[in-house]
Structures are given as structure tokens and as C-alpha cells.
Amino acid sequence: MPRFAVTTPLYYVNGLPHLGSAYTTIAADAIARYRRLRGDEVLLITGTDEHGQKIQRTAEARNIPAQQHCDEIAAEFDRLWHLLEIRYDRFSRTTSPRHSQIVREFFQRVWDRGDIYLGHQQGWYCVGCETFYDESELLEDHICSIHHKPTEWRDEPNYFFRLSHYQEKLETLYAERPEFIQPDFRRNEVLNFVKQGLKDFSISRAHVTWGIPLPNDPDQTLYVWFDALLGYITALLEADETASLDNALRKWWPINLHLIGKDILRFHAVYWPAMQMSAGIPVSQQVFGHGFLTKDGRKMGKSLGNVLDPYDLVEQYGTDAVRYYFLKEIELGQDGDFSQTRFVDIVNADLAKNLGNLLNRSLSMLQKYCEYTIPELEIAADHPLRAIAEALPEQVAEAYDRYHFKQAGSLVLTLSQASNKFLETEAPWTLYKQGNRAAVERVLYSVLESVRIAAILLSPIVPDLSLRILVQLGYTLDSIDRLDWAMVTWGGLSAKVLKHSPKPVFQQLS
Ligand SMILES: [Zn+2]
């Protein structure tokens with residue numbers, strides 16, 4: 001069975017999850033669901049990055065131990081993932097003891113390779129960014145341009161990773177594996193950055209106690225790159241397995257896909273593969289950087305007061321609506337916008353009307369005209385709906401394979417649109433009056449079969465809605481995970497008397 005491991009970033013637990021994290025995780029979940037539908041053995045990894053001075057200070061401000069703060073925020077991420085129907089397999093936390101074991105071992109390998117040295121870091125330090133800046137990068141009075149807070153002058157010994165040694169090796173990687181960084185335009189951004197010459201980067205912090213101590217110098221703790229990125233490896237351990245690099249890498253390495261926001265592309269596409277090379281392990285297969293979300297065309301920000309809260313959104317509109325909008329309306333990779341009006345209009349038009357109402361009307365007619373019985377019959381190969389439905393799976397698969405959810409969704413809608421039109425032109429209510437029962441059955445069967453196929457093809461995007469549709473069509477599924485790709489073959493809707501009376505599968509939003 002082919003294997004597919006996909007990661008979201010390990011989210012920083014400085015605060016509650018925001019919409020950007022939800023967006024990445026929804027997309028990763030849809031990819032994982034599609035791979036499962038295709039029969040792959042899948043591992044969806046998410047988790048939390050829990051170390052650093054910012055966490056320490058946040059916990060201090062809350063007057064609680066840092067670990068307690070991390071536990072609380074990690075639980076909030078988990079709660080949101082359940083609300084959003086994220087079916088993850090591993091939740092990797094950087095404060096777990098198993099993780100520090102993996103980190104120490106990985107560090108040792110890179111150390112033995114001679115790629116870590118003690119250097120000196122000087123500069124203006126923003127605790128919010130946890131980054132050193134040159135004076136020229138700051139606002140007046142050494143104010144951080146991102147946080148609008150004063151930075152602190154720091155002059156400290158730090159350990160560095162010899163990224164400069166990997167310039168050529170990385171350029172070879174990008175040349176030999178053009179698919180390594182996606183989409184292509186982001187790949188070009190990374191290539192341009194690398195071309196300017198790579199500098200070694202600092203991997204430790206002095207005076208930060210909330211972190212994993214360096215094995216060779218316990219006065220320093222590891223900075224995010226040699227901590228959080230390694231959480232992807234820790235996640236690969238089985239629950240009962242001893243934490244060792246060999247165990248972690250045995251089954252699932254290399255990771256097939258790191259799905260991330262464009263802001264952390266450089267770390268995943270430049271730092272991370274160089275670290276993997278240094279540790280002597282194969283490089284991950286792909287890094288995909290998606291775009292950012294705006295609200296009504298404007299950047300979201302606390303100061304603008306236009307931050308969308310993912311909990312509110314899902315509680316107000318439901319999981320299917322939220323997942324559908326972000327996957328179907330925004331091209332993964334491009335920046336995207338959320339507007340309330342557009343959101344409501346699109347979700348109502350596509351899910352409530354185009355798909356939901358089509359099912360409801362057809363089932364009501366089946367109940368009225370055909371004793372609510374799905375007939376046993378063969379639909380001719382040149383039937384207009386069958387022709388579309390039979391061509392669809394291959395086209396949809398091609399879109400999903402490239403993470404083009406927008407395109408996959410649009411393709412599926414062509415089938416439900418055609419079915420709506422077909423219902424209007426064939427007018428089963430007239431055929432019924434004319435006493436043509438066989439024709440009524442043919443029309444309704446072909447429409448219901450189209451809805452069934454559409455529901456399965458959409459299930460990576462709207463798993464709950466798909467499940468409700470299939471249950472109405474007489475399936476006794478307890479979980480959408482029971483589906484498989486073979487079920488999208490035309491003719492799969494079998495003869496039976498339906499049990500559940502027609503009821504709308506998607507309530508209109510207002
Ligand atoms: Zn800052």
C-alpha cells in the first residue's frame with residue numbers, strides 16, 4: 001500500500017489558533033482525506049511548537065508555569081481541529097520527553113559532521129519575533145517594525161549551523177527536483193534568495209531557559225529550527241516505540257509533503273533540507289507554501305479590529321461551510337480573501353442549492369412517484385449525466401493530486417449543475433402524469449447516481465456533508481473513512497427501498 005505523510009507546521013502556542021493556522025490545517029486534512037480515499041496509508045501530522053522566551057514571558061504574564069500555558073493552548077488547538085473535522089494521526093508537541101531525545105540525537109549527528117560551531121551574535125533582539133535585527137531593519141528608537149515594541153540590545157555567544165556549506169548541494173537539489181518547492185512562483189523566490197549567497201544561522205539562545213538545552217553546552221537552549229522542525233520526525237514514532245532517530249525514520253521518512261504558509265517557506269525549503277543533508281538523512285519530498293488570507297481585501301490585524309476568529313466562524317456557520325469556502329474559493333498557493341457576503345452567497349449557491357436541493361427534490365419525487373425505491377436499472381453509456389460522471393473521477397483526481405481544490409470543486413459542480421438542468425428538461429412530474437413510470441425512474445436514478453458520485457468526490461473537502469448525503473441515499477456508513485475510490489464508478493447506486501425521509505442536508509446560511 002503506498003504511504004503518504006503530510007505535515008502542517010507545528011504551531012506556536014503563544015496564543016489561541018488563528019484563521020491562518022486553521023486554513024493550513026484544513027488544506028492538509030483535505031489532502032490526507034483524498035490520499036486515504038485513493039487507498040494510501042496516510043499519516044497526517046500536526047502539533048505545537050512550545051519553547052522560547054516569548055512563551056516563557058506569556059506564561060509569566062499569566063502567572064502560571066510555562067508547561068501549564070502550553071498544555072492549555074495545545075488543548076485549544078486540538079479542540080479547534082475537532083470542530084473543523086481535522087482527522088489527524090499525530091499531534092507532535094515539542095515539550096514531550098520523546099521529542100528532546102530526538103532533538104539531542106539529531107543535533108549530535110550534525111555536530112559530528114562538523115556543521116555546528118560556537119560564534120557570536122550581536123544585534124537588536126525582538127522577543128516577539130525571537131530574532132536579531134540590524135539597526136537598519138528597525139524603526140526609530142530600535143522599535144520592531146512588526147511588533148511596534150522596543151527591541152533589546154544583545155551580545156551573546158550562540159551556536160551556528162553552517163548553512164553556507166550547503167549552497168551548492170541545495171542548488172543541486174532544486175535543479176534535480178523541481179517539484180521540491182511548490183508552487184513554481186514561490187520556488188523562484190527561494191531560488192533567488194539562495195542565489196544571493198547563504199549565511200550560517202544561529203541555532204541557540206543564551207539566557208532562554210524554556211527550551212531544550214544543547215547537549216554539549218547546557219547554558220544554551222536550542223532555537224526553533226533545531227527544535228520545532230524536528231517535531232516532524234518525533235511525530236513518526238509509534239506510541240510504544242523507544243524514541244530514537246532510527247525508529248522514527250524507519251517507516252514514514254521521507255515526509256511526502258510539508259504544507260506551510262508562505263512566511264515560513266524559507267526555513268522549510270532552505271534551512272530544513274540542509275539540516276537533513278547534514279544529519280545524513282534523505283530530504284523531504286515536497287514543501288508547498290500557501291498564500292495569506294485577507295478580510296474584505298485588507299490585511300487582518302488586531303489594530304484593524306478585523307481579525308476573523310476560527311472558532312466563531314465554525315460555530316456560526318458550521319464546518320462544511322468553512323471548509324468549502326476556504327478550499328473551493330481560494331486557490332491553494334495564492335493569497336485569498338474572506339468576505340462575509342461572498343462566503344454566504346457561494347456556500348448557499350453551491351452546497352444548499354446546487355447540491356443539497358438537487359438531492360432533496362429528487363428524493364422527494366422518488367418518494368412521491370416510486371414508493372421511495374431506488375430501481376434496478378441500466379443507464380445507457382451515452383446518457384448525458386453518465387457521460388459527465390464517468391469522465392469526472394480522472395479529472396478530479398488530477399486536480400486533487402496537484403492540491404487544486406478549487407478546480408476539483410468546480411469540476412464536481414459541473415455534474416450537479418448538469419443534473420439540475422436535466423431534471424428541469426426531463427420534468428419527471430410531467431412524465432409521472434403521463435403514466436410513464438419507467439421514464440421517471442430513469443431520470444431519478446441518473447440524478448441520484450450523479451449526486452452520489454459528486455458526494456464522494458467532494459468528501460475530502462466537505463466530509464460531513466458527504467456523509468449526510470450518502471446516508472440519505474441509503475448507505476449505512478458510520479464514518480466517511482469507509483469510502484474508497486472504486487465507489488465513484490457509475491452504477492454503484494444499488495436498488496433498495498430508502499429509509500430516511502428526505503430532509504435538507506445543508507441548511508441555508510443567512
Ligand atoms: Zn518583533
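The values are calculated or read from the model by the stated rules, or taken from the named source; none is laboratory data. For clarity, every value in this text was computed on a predicted model and none was experimentally measured. When we count neighbours, we look across all protein chains shown, and the Cβ atoms used for this are built from the backbone with ideal geometry, even at glycine. SASA here: full protein model, heavy atoms, side chains in, ligands and nucleic acids out. Shrake-Rupley method; radii C 1.70, N 1.55, O 1.52, S 1.80 Å.
The label point for His207 and the one for Cys129, both projected 7 Å from the Cα toward the Cβ, are 1.8 nm apart.
At 222 nm, what helix-only mean residue ellipticity would the chain give, in deg cm²/dmol to the nearest 500, using -39500 (n - 2.57) for each DSSP H run of four or more?
Details: 18 runs with 220 residues, N = 510.
The helix contribution divided over the chain gives -13500 deg cm²/dmol.
Relative protection proxy for 57-63, 460-466, from highest mean packing down: 460-466, 57-63 (other beta-carbon atoms within 10 angstrom).
In whole percent, and with a 1.4 Å probe on the protein chains, what portion of the accessible area of segment 297-438 is carbon and sulfur? Taking all protein chains in place, segment 297-438 shows 48 percent carbon and sulfur surface.
Over the alpha-carbon set of segment 339-497, divide Rg by the Kirkwood Rh and report the Rg/Rh ratio to two decimals. Show your work: numbers first, answer last.
Working: Rg = 15.4 Å, Rh = 16.0 Å.
Rg/Rh for segment 339-497 comes to 0.96.
In the chain, the longest principal axis of the Cα atoms and the axis of helix 184-195 are about 10 degrees apart. The length gained by stretching the chain between Gln507 and Asn247 to full extension, at 0.36 nm per residue less their Cα-Cα distance, is 88.8 nm. Residue pairs exceeding 29 angstrom between C-alpha atoms, taken from Lys149/Lys169; Lys251/Lys406; Lys199/Lys302; Lys421/Lys499: Lys149/Lys169; Lys251/Lys406; Lys199/Lys302. Placing a label point 7 Å from the Cα of Ala349 along the Cα-to-Cβ direction, the residues of segment 318-333 whose backbone N falls under 20 Å of that point are 320-332.
Accessible area per residue for segment 339-497, computed on protein heavy atoms with a 1.4 Å probe, is 41 Å². Placing a pseudo-label 7 Å from each Cα along the Cα-to-Cβ vector at Gln367 and Arg402 gives an inter-label distance of 4.3 nm. One equal scatterer on each Cα of the chain, no solvent, Debye formula: the resulting log10 I(q)/I(0) at q = 0.08 Å⁻¹ is -0.57.
For Leu304 and Leu191, a Förster radius of 30 Å and the Cβ-Cβ distance give a FRET efficiency of 0.35, rounded to the nearest 0.05. Taking the Cα atoms only, what angle lies between the long axis of helix 66-83 and the longest principal axis of the chain, rounded to 10 degrees? In the chain, helix 66-83 runs at an angle near 20 degrees to the longest axis.
Under the classification rounded if a/c is under 1.5, otherwise prolate if a/b is larger than b/c and oblate if not, where does segment 284-356 fall, given a ≥ b ≥ c as square roots of the Cα gyration tensor eigenvalues? Intermediate results must be reported in sequence, preceding the final value.
On the way: a/c = 1.84, a/b = 1.15, b/c = 1.60.
Oblate shape, in that a/c is at least 1.5 and b/c is the bigger or equal ratio.
Summing Cβ point charges (Lys, Arg +1; Asp, Glu -1) relative to the Cα centre of the chain gives a dipole of roughly 1320 debye. Distance between the modelled labels on Glu394 and Lys262, one decimal in nanometres: 3.5 nm (7 Å Cα→Cβ projection).
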